[in-house]
Amino acid sequence: MDDQPVASLDAQCSLERLAMDGGKPVRTQPLPLEFPGIHYLDNEEMDAALRVLKSRSLFRFYGVDLQNEVASFEAEFAEALGVSHALAVTSGTGALNTALSALGVGPAQEVIVPAYLWVAVVAAVVSHGAIPVLADIDDTFCLDPKAVEAAITPRTAGIILVHMSGAPGDVRAIRQIADRHGIFLLEDCAQCNGGSVEGRKVGTFGDIATFSFQMNKNMTSGEGGCVVTNDLRLYRRAVACHDLGYARDEHGRLMFTDLDYCLWGGGYRMDELRAALLRVQLRKLPRIIAHMHASKYRIRRALEAFPGVQLRRIVDPAGDTGCFLITTYPNAEAARRVNRALRAEGIVTWPQGISNVVMTEWGLHLYYNIVSLVRQTSIDGRGFPWKLAENAGLARRYDKGACPAADSLFERSIILAIPSCLTAQDEDDIIKAFEKVLGREGLH
Ligand SMILES: Cc1ncc(COP(=O)(O)O)c(C=O)c1O
């Protein structure tokens, strides 16, 4: 199929009536749901959970028969990435809040965030009293280094690079910018756990990095997260901020003497049960990623026969975790038509999943859909942090139009989830549906 000449594709496409026009759909069975770690969940996780339950020790720091699951998970996760310190927390949102607290982010500071992200990223910046500054994305669908450079001001404290939709952003270029300006780089790896650039794992380039283990992620415990860093000071501050406000020494004792570590805690401690699940999922992560990667690149290779369709630029294909395929079309109308036609061919998932949509339907991943950002709302009703005297003049526009490259990519692109359990038949069907629809669209 990969090497099929264009002429034979033409002939094949012209024969088949689209399902949208009354033809026979490629498939009628919905595609599997997109939760990568869930498809690999089996007796191993159940045994691990039972082991913890039988110990009757669910809290990480003490118990009647403590298994040290959280501490073991942290050591194993740090080793898998190649970082000195990992701190397990209760969610990716908790990880972002903990990381920004560790970095000391607050009022009078700006933090650069991408136009394509998740609402939790902006929420963490705003909750700290800092001002988010949007920077546009490029064809990697992650931060455009040129836009980042242009967004830097004397108030910029740092950059949050979010590795979106399974594939790393241009982290080396962003790291250089951060170094040149002496500002921090936080990598949000929630959507790209296990991804890498030139053999080096995402999460190891930043001063600090965050992960999520919520159910949609590459490995999962339902909810969960992690903060990683090579910096002992940041790690200690993160330990303090995720817990009671105080760092711990190497024996786990609270430290009260150094005021740099006497802070305020968020209460994001990971529990033993979830850590036990995560230890099993971490061992399975390479297999989960290998499956998604193989499926995605088989489909991508088939799509190369259609030069009218632009494939997302992948910084390092070997380091792509493969959980999403993004294709971009010449204009918004073409993207909508192709998406409608693909869905009619049966390229859809069960109702509780979201797969195969034009990216304008991708909810709170799009800056202009985040109403609280666009309207600059505040929890106190008195304008925090936007109206703080220290933040005077810092807020920007956040409505549609603020990031034109992202706006154009969102309306011209389709995002398709690649579940970790696609069969060869599922892949054949996806390829066949694309070929049928794209041939009719004249995109070959
Ligand atoms: C990029 C990104 N950052 C942070 C989060 C927040 O993670 P959680 O849902 O575990 O709080 C998510 C979750 O989807 C995410 O996609």
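Structure data summary
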{"read-out": "Kirkwood estimate for segment 17-122, i.e. one over the average of 1/r between Cα atoms, Å", "value": "18.8 Å"}
{"read-out": "Modelled label reach - E76, point 7 Å along Cα→Cβ, segment 187-220 residues with backbone N closer than 14 Å", "value": "219-220"}
{"read-out": "Computed log₁₀ I(q)/I(0) - Debye formula, equal Cα scatterers, no solvent, segment 67-136, q 0.15, 0.27 Å⁻¹", "value": "-0.60, -1.12"}
{"read-out": "Mean separation of Cα contacts under 8 Å (6+ apart) over length of the chain, as relative contact order %", "value": "24 percent"}
{"read-out": "Sites R180 and S84, calculated FRET efficiency, Cβ-Cβ separation with R0 30 Å, nearest 0.05", "value": "0.75"}
{"read-out": "Amide H within-cut-off set for D188, under 5 Å, with H built and near neighbours excluded", "value": "L161, V162, H163, T210"}
{"read-out": "HN-Hα J in Hz across segment 414-427 - Karplus 6.51, -1.76, 1.60, θ = phi - 60°, x for Gly and Pro", "value": "10, 10, 10, 6, 10, x, 7, 10, 5, 8, 4, 5, 4, 5"}
{"read-out": "Fraction of beta bridges assigned by DSSP in segment 43-281 that are antiparallel (%, nearest 5)", "value": "45 percent"}
{"read-out": "Simple spin-label estimate for D231 and L311 in nanometres, 7 Å along Cα-Cβ", "value": "3.7 nm"}
{"read-out": "Average Cα contact separation per residue, segment 43-281, under 8 Å, 6 or more apart, as relative contact order %", "value": "25 percent"}
{"read-out": "Inter-probe distance in nm under a simple model that places probes 7 Å from Cα toward Cβ, at D380 and R287", "value": "5.2 nm"}
{"read-out": "Nitroxide proxy distance, nm - points 7 Å out along Cα→Cβ at R396 and R248", "value": "3.9 nm"}
{"read-out": "Calculated from backbone phi, Karplus (6.51, -1.76, 1.60) coupling profile of segment 299-310 in Hz, x at Gly/Pro", "value": "5, 4, 4, 5, 6, 5, 6, 10, x, x, 9, 9"}
{"read-out": "Table column - 3J(HN,Hα) (Hz), segment 154-169, Karplus curve with 6.51, -1.76, 1.60, x for Gly and Pro", "value": "x, 8, 5, 8, x, 10, 9, 8, 9, 7, 8, 6, x, 10, x, x"}
{"read-out": "Quarter of the Cα convex hull surface for segment 346-405, i.e. its orientation-mean projected area (nm²)", "value": "6.2 nm²"}
{"read-out": "Proximal aspartates and glutamates relative to K432, as straight alpha-carbon distance under 17 Å, when same-chain residues fewer than 8 apart are discounted", "value": "D2, D3, D10, E16, D21, E304, E345, E441"}
{"read-out": "DSSP bridge pairs, the chain: antiparallel proportion in percent, nearest 5", "value": "60 percent"}
{"read-out": "Relative frequency of Cα-Cα separations exceeding 24 Å in segment 43-281, percent", "value": "42 percent"}
{"read-out": "Restraint check, K54/K296; K146/K296; K146/K400; K146/K284, Cα-Cα greater than 31 Å", "value": "K54/K296; K146/K284"}
{"read-out": "Whole-percent carbon and sulfur share, accessible surface of the chain, 1.4 Å", "value": "53 percent"}
{"read-out": "Cα centroid separation - segment 293-338 against segment 206-234, whole Å", "value": "27 Å"}
{"read-out": "Spatial separation of Cα centroids for segment 385-418 and segment 84-110, in angstrom", "value": "22 Å"}
{"read-out": "Mean separation of Cα contacts under 8 Å, 6 or more apart, over the residue count of segment 313-444: relative contact order %", "value": "41 percent"}
{"read-out": "Dmax and Rg, reported as Rg then Dmax, of segment 63-103 (C-alpha, Å)", "value": "12.0, 35"}
{"read-out": "R17/R200 FRET efficiency (R0 51 Å; Cβ-Cβ; nearest 0.05)", "value": "0.55"}
{"read-out": "Solvent exposure of the chain as accessible area per residue, Å², 1.4 Å probe", "value": "40 Å²"}
{"read-out": "Surface/4 estimate of mean projected area, convex hull on alpha-carbon atoms of the chain, nm²", "value": "22.1 nm²"}
{"read-out": "Theoretical gain in end-to-end length, D258 to E333 [0.36 nm per residue, Cα-Cα removed]", "value": "21.0 nm"}
{"read-out": "Per-pair calculated FRET efficiency, R0 = 41 Å: Q29 and V64 via Cβ, rounded to 0.05", "value": "0.25"}
{"read-out": "Amide H contacts under 5 Å for Y246, placed H, 5+ residues apart", "value": "L263"}
{"read-out": "Intensity falloff of segment 153-308 expressed as log10 I(q)/I(0), Debye formula with alpha-carbon point scatterers, at q = 0.18 Å⁻¹", "value": "-1.21"}
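The values are calculated or read from the model by the stated rules, or taken from the named source; none is laboratory data. Keep in mind that what you see is a predicted model, and the values were worked out from it rather than measured. Heads up, the Cβs are rebuilt from the backbone with ideal geometry, glycines too, and the neighbour counts pull from every protein chain shown. Each accessible area value is taken on the protein alone, full model and side chains, heavy atoms only, with ligands, DNA and RNA left out. Shrake-Rupley method; radii C 1.70, N 1.55, O 1.52, S 1.80 Å.
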